[in-house]
Structure formats: structure tokens, C-alpha cells
1. Give me the percent relative contact order of the stretch 86-233, please, defined on Cα pairs under 8 angstrom at least 6 residues apart.
2. State the antiparallel share, in %, of DSSP beta bridges confined to the chain, rounding to the nearest 5.
3. How far apart, in nm, are the 7 Å Cα→Cβ label points at Phe215 and Glu322?
4. Please report the relative contact order for the stretch 314-443, taking Cα pairs under 8 Å with a sequence separation of at least 6, and give it as a percent rounded to a whole number.
5. Take every Cα pair under 8 Å in the chain that's 6+ residues apart, average their separations, divide by the length, and report that relative contact order as a whole percent.
6. Can you divide the C-alpha Rg of the stretch 12-162 by 2.2 N^0.38 Å and report the result to two decimal places?
7. Among rounded, prolate and oblate, which fits the chain when a ≥ b ≥ c are the square roots of the eigenvalues of its C-alpha gyration tensor, a/c under 1.5 means rounded, and a/b larger than b/c means prolate?
8. May I ask you to list the residues of the stretch 241-275 whose amide nitrogen lies under 14 Å from a point 7 Å from Cα along the Cα→beta-carbon direction of Asn529?
Amino acid sequence: MNKLIFSLCATVLLAAVPAKAQDTYDLVILNGRVMDPETMLDDRLNVGIRDGRIAIITPSDISGDQTIDATDHVVTAGFIDTHFHALDGLSLKMAALDGVTTGMDLEVGAIKVDAWYAAKQDAWPLNYGTGISHEGVRMQVHDPEIELPDWADTPLLVGKLRADGCADGVCGWSDTRSDLDHLNQILALMDEAYKQGALGFASTVGYMTGGVTTFEMYKAQELAARYGRLSAAHVRFHTNPVTPEAPLGTSEMLANALALDAPLLVMHNNDYGWWENEEKLQKARDEGYNVWSEYYPYTAGSTSISAEFFNPESFKGVLGLEYKDTMYDPIADKFLSEDEFLKTRAEDPSRIVVVFNKDRTKWLPYWLRMPHMTVASDAIYSGKGVDSWDLPFSDYLGHPRTAGSRAKVLRLGREEGVPLMFTLAQLSYWAAKHLGDTGIVAMQERGRMQQGMVADIAIFNPATVTDNATYKLGEQGLPSSGIPYVIVNGQLVVNESEFQKVWAGQPIRFPVRETGQFKPVTEQVWVQNFSISTITIDDSGARPAGVSAEAKQ
């Protein structure tokens, strides 16, 4: 009832502020169903955009230099993806046509963050952001023989640089444990990235379970917490189908986050044990902690064929899977036998494969209804290069989640009877809310369809919007339909269902700062801070019941 009253009040307030007759706008959106999950606004209204922001939302007539007739369409905040490896032209084009206005890589992240942001400036159609790569800084420390480029993100980190780090027979980045000297080197590199504006700690610890100790994870989260920044991770033991291992990776990072009172994003929480993780996250949010998770709406995952959990002893022995039934090679367009897997991995260790999980079919309807479980695609790059804007969609080789995650969630929500406002919160508002609460100003003014906010907007037909990409060769990159307009910072990036080469994207980034928060970890400092020598023993909790402190004295 309170939400209904709020929605009605918002509509009345908008009606009470009519547009002035002489007002004109850069772009107007007329006759659309304007929906905003934060205020619960849901009404037929007109929207005026000026200087990249939503200048007005009104029932009054307005005009502008450009006009979109949004009759029978929803007008809402553009979709925000926190797990975004679509880092080349073809993949970015597909994501834009799926309604994405902001794509951030908070899982793999990047190294040399300042140069990473500089490379994206005036070159991206969508807003962009990154965390500091846990994997990348471990490469720098444990595989010093690797020749590093000016900057690196997912395509290089999980492809060539991983392979280079393993070329001597020792994968230092994944298997070598850090002593205190190594740990301090890792933390110092992370600290430099935070000074350069990195959004948080981005960890692929699930690929480095042998090398990353729990103490390293805690100290990495602690450093991010000193800046007030989030930690986000592909957690340890992800995809493990048994208890207790499956939920332990989330429990590890959640315990750290609660101890540090720090933000946490559990990435693709869409495998065994997700229900336990979600219950813990919900209870933690009830206590005021800024913690949340994400999913993508597919029954198969995708990653590099060189991942350690694809080794036969893990894949068959621990996971209990057979290659010929579950591992699909989208390039060869077939399922791989064990021998074919071993041969392909040896020849092409950066190859992306798709792995099916039948249990996700029964779990997916629950994810569509899970509060604060946001939609994040794990969208993967096409491998066709940054300048692949003009390639046909049939050239894309990979998981269909890059092209269709958002439209598929909208379609499934429609078919499953999920309230549309709830789905929109999963697609935009909750990600913006949680990230904004870490202090990211750019997220505090996105993910909301409100006057004064940045004009990142998706316009879609709720009755027809659908995904078209499949796992079949030639169809893996087919764009979604029913999302004819996508606006980024006030500029049309998708116009009448056609992608526009408009470099409208802006950085999602913390301000650059001169001073850092890194404090070297030493045995002496630890003892000084936490040993009994500095802890005063008091009688708290030791008094007999009913005896006051004064009486005891």
C-alpha cells in the first residue's frame, strides 16, 4: 500500500509541474509507459532530455529537436551490467541492442587502471568501468617473466597472459602461495589502482584456489574496505556440486565483508548452494550490510578451456560430469569427448567453451524472483578485435548470454508472471543502488528514471521483447528484438533497432587521488595490533547476573 501511495504521489507531483510552452529539449520521448523501481512510478508520461540528463518527466505536451514515439513501450533506466567482458566492437554492439547502457568488469578487472580508462575515452558507446584484477596483480608478482602491455583486461589476462604465466610449467598466478613479501607486493599494486580510480577488488579466486590463501583474500578485501570500495568475486568452489564445498567460497568472502563492514558482490550465484548464499545475503542486508549477488538466465556457463576445474580429476572426479554430455565447443559446433578436450586445450588454451548444467533449469524461475539478485551477463568478447563494429552478428562465436541476457530475463519474466517493476529492479536499479552506496557518484545518478538523473534509458515493448541468440553456430550473436531505442548520456546509441557508432560512453570511476591506504603486513605489526599486549582485559560479561558494575566495585 505504501508503494502504491508513493507512486500516486509521484504522478501527482509530476502533473503539478507542467512544462513551459517555450521549453524545448534535445530529445523527447512521448506517450511511453515510464517506469522507475526506486519511486515505483508507473504511468504514461512524456520525457524531455537536455544536456545528457532527464530534464523533465511530465504529462504535459513537450517538444524537442528529436522525437521518439514510445506508444506501447516501456521507458526506463538503461540496463547495468556488473560482469561485463564484452570488450570489443562486435560484442559491445550486441550488448547495446540488448538494452545495456553501462558495462563494468568487476570480476576479472584490469591492470594499469589509469591507462585502461584512457584507452576507453571517446571510444566506447556504453559507460565503462573496472576493478583491479586480482589475477592480474598476481601475474605481476608470481610470474615476473611475463611481458606486460601498457594495460590489460579480460581478453589478454585470461588468454595470452595466463598461458604465458604457465609456459615454464608453473602457473604462478594461480598456484603459487604468497608469503608476506609477495602479499605486500600484491597489495601495493592494488593500492595504486585504487588511487587511479578502480571501482573495487575484482577477484577470480575460483580459478586460483591452490594459490590464493584465505589470509590473502582477507587482506585484499581489507584494503578495498579502507577505501570504502566493494569486493567482487567468482568465488572459491563455484560450480562445485556438493556440500560443504559449494557455499564455502561465498561464506569466506561474506565473513570478511561482515567483519570489515565492507561492500560485497557475489558474482554469478547460479550454481549449487545458491539458496544458502542468498539466505545469508538477505539476512546480512537486513542488518544494514551492503551485500548482493547476480545471475544470468542460462542453463549453461562459459569460460576458458584452460580453467583448472576442467582437469579430468576435477571435472569427472569431483563434479561428476562427462565431457561428451556437457562440454560444448561453440567454434567446432559440437560436444567434446575427453580426448578432444585435452587436444583442444593443448592447441588453444584460451579457447572459450560452454558447459551445461541441467539443474539450472529448475533453479532459474527462482532467480527471476530473488530480491537484490541482479542480472549480470558475464558477457564475453568476440575475439574479433576492438574494431569489429561492422562485422555481421553471425561472426560471433561464444555464449549467447552476451547478446541476449536482458531480453531473455524480460521474456522469461513475462512468461513466468514476474511483476515487470521487479524485473527492472534486477536489470538496473539494484546494481546502481548498491554501487552508489559505495560512493560511486556516477551510479547514484543512474539506474533511475527520474528528473535530474543521467539520461541512460532503454525503451522496449514489454509484449514482444525477446532474445534470439542460441548456442548454435551462426546464431550465438543474434541480437535481441523489441528494444528499438537505447540512450546513453542523452545520445541515441540504438535508433529504430539499429546500432549507431556514437561514442557516448562515460567512465564509471572513483576520483583519482594522490595518497593511498596501503599499510604493509608484517608479523610485528600484527602482533602489536592483535596480541594481548595491547588488549585491556575488562570484566564485560563476567559479572554475576543482577550485580551492577558499581556494586561489584
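1. Relative contact order of the stretch 86-233: 28 percent.
2. Here the share of antiparallel DSSP bridges comes out near 55 percent.
3. 4.5
4. RCO, the stretch 314-443: 21 percent.
5. Across the chain, relative contact order equals 20 percent.
6. The reported ratio for this selection is 1.41.
7. The shape class here is oblate.
8. Residues 259-261 qualify, since their backbone N sits under 14 Å from the label point.
The values are calculated or read from the model by the stated rules, or taken from the named source; none is laboratory data. Just so it is clear, the structure is predicted and the values come from calculations on it, not from any experiment. Counting neighbours? That spans all protein chains shown, and the Cβs are built from the backbone with ideal geometry, glycine included. Accessible surface is based on the protein model in full, side chains and every heavy atom, while ligands, DNA and RNA are left aside. Shrake-Rupley method; radii C 1.70, N 1.55, O 1.52, S 1.80 Å.
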